[in-house]
Amino acid sequence: MAGNEKVSLNRQMNRRDFLKLSLKTAAVLGLSSTLVPELCHALEKKEKPAVIWLHFQECTGCTESLLRATEPEVTELILDIISLEYHETLFAAAGHQIEASLAEALQRYKGKYVLVVEGAIPVKAEGQFCTIGGHSALEILNRTAPGAAALIALGSCAAWGGIASAGPNPTGAQGVMRTLTDLKIDKPVINIPGCPPNPHNFLSTVVQYLMYGVPALDQESRPKFAYGTLIHDQCERRGHFNSGRFAEAFGDEGHRKGYCLYKLGCKGPSTYGNCPEQGFNAERKWPVSIGHPCFGCIESKVGFTKPLFELSDMVTAANPPQIYPPPLPADEHKISPLATGIVGAVTGAVAAAAVKKALNLKRSKDGEDEEQKS
């Protein structure tokens, strides 16, 4: 296609932007570049999945994160990738109008729509702690889940209760999967936890579902492509951890120099996710990169359930060095160009000497062989 040719989507976008969107999605999914044409074909030709998006016991932070997403922007997501049929925050309609839209979408796309749930479901007092249009979250989920092809529990609150379920949990807040079990509804659920979750993980999950169906999930029902690596192993501060350089307090010299945040309660050693690789927004920042320890918000048994400074559960997982090397003097942390040149010269001299020695040995051996032949 020519560079300015339009692809056949409802909202026209040029081919270059479309390919950028496809490449970004493929990168998040961990797909080979050879599969990009197949991905492009799926985005162009396949019917866009109808999405019904519910809000329950939450702060709307997951939607806010989506609104601030770049590459793709939210407009590309809801106009080019999915068909958003119901969303209380993004819809202009309200009251009876928006509830009528929900009823119509449930009927029109019965058995085909993807149900996205944002927020926990409170079950105590018959669910009366969260009501919308006179119906509790429990009732709404019981009405919408049976007709869904699959559900996405977006954010830690929807995945396993999140901060709303922290003790003493007076409302009985819990995640989608547990609630569906209580309601005896058997539907596939994809958990995308995070507080907030990365919007690219949501986009990539939708595209994966569009191309191949439900993606491969781990034991927590999370997509493996997004939650298959230990944050500690991908962290940009891992080198400081290995060298025993730690920030001891917020604002101290080690903290200002970007040392490891393990001693400040970082839960990266027991948290699985792609936060260091994906980051958030155009700057690709994440908590650790701006000086705050990982809170473990994407793990049901780590985030919001254990104090930030409770490290006993992570010692065996992280296996920190028991004997730390002596700290370097302040003026030795930076390597000067002169030092770099000296190191290069020494390295080159050593390499040259080694080559010369090897050549001399080879010549000596060749001479001995010639003498033996004569």
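The values are calculated or read from the model by the stated rules, or taken from the named source; none is laboratory data. All figures in this text were calculated on a predicted structure; none of them were measured in a lab. Cβ atoms come from the backbone with ideal geometry, glycine included; neighbour counts cover every protein chain shown.
Among 269, 196, 223, which is the only one that is at pLDDT below 95, in contact with a strand residue (DSSP E or B) (Cβ under 8 Å, 6 or more places away or on another chain), within 18 Å of residue 117 (Cα to Cα) and surrounded by 22 or more Cβ atoms within 10 Å (Cβ to Cβ)?
223
Looking only at segment 142-161, how many residues end up being closer than 13 Å to residue 179 by Cα and either surrounded by 24 or more Cβ atoms within 10 Å (Cβ to Cβ) or modelled with pLDDT under 95 (or both)?
Here the count works out to 7.
Among the helices (runs of 4 or more DSSP H) confined wholly to segment 203-277, which include 1 or more residues that are over 25 Å from residue 63 (Cβ atoms) and in contact with a Phe, Trp or Tyr (Cβ under 9 Å, 6 or more places away or on another chain)?
Here the list reads 231-234, 238-242, 253-256.
Restricting to segment 122-140, count the residues that are surrounded by 14 or more Cβ atoms within 10 Å (Cβ to Cβ) and either among the acidic types (Asp, Glu) or within 23 Å of residue 206 (Cα to Cα) (or both).
Selection size over segment 122-140: 2.
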